[in-house]
């Protein structure tokens with residue numbers, strides 16, 4: 001299977017329950033080890049989102065983005081994540097009731113939002129022409 005990507009938009013808090021970027025980022029950095037322990041996930045890079053353009057009325061799905069490189073099919077990744085209780089915020093919360101490895105659930109856990117997509121290549125990679 002060719003290398004694919006999985007992107008995860010995430011955010012914690014909101015206007016009614018703000019969570020600092022420092023607090024959220026600190027927790028997420030620890031959480032990366034849990035995700036990278038899933039067979040098929042090979043690396044991760046996190047990004048802060050800075051708006052450039054969006055459709056009228058559109059919303060960015062979070063303040064942060066993590067791009068994971070993967071080597072399993074999307075179905076294989078999903079099965080591994082489900083097996084390890086790392087597929088959803090609810091399953092992760094249940095995991096933490098019995099597993100103390102990785103970061104503990106922060107006080108603001110109930111306000112965490114995640115949205116994930118698998119990115120599957122649909123053509124050859126196109127490179128920019130060299131400097132002119």
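Observations on the structure shown:
- Where only C-alpha atoms are counted, convex hull volume of the chain per residue in Å³: 157 Å³
- Cα centroid separation - the range 26-50 against the range 52-107, whole Å: 9 Å
- Cα gyration tensor shape for the range 54-108, rounded if a/c is under 1.5, else prolate or oblate: oblate
- Exposure proxy order (Cβ contacts within 10 Å, fewest to most) of 47, 68: 47, 68
Throughout, read-outs are computed from the coordinates displayed, never taken from laboratory work. What you are looking at is a predicted structure, and each value in this text was computed from that prediction instead of being measured. Please note: Cβ atoms are built from the backbone with ideal geometry, for glycine as well, and neighbour counts cover all protein chains shown.
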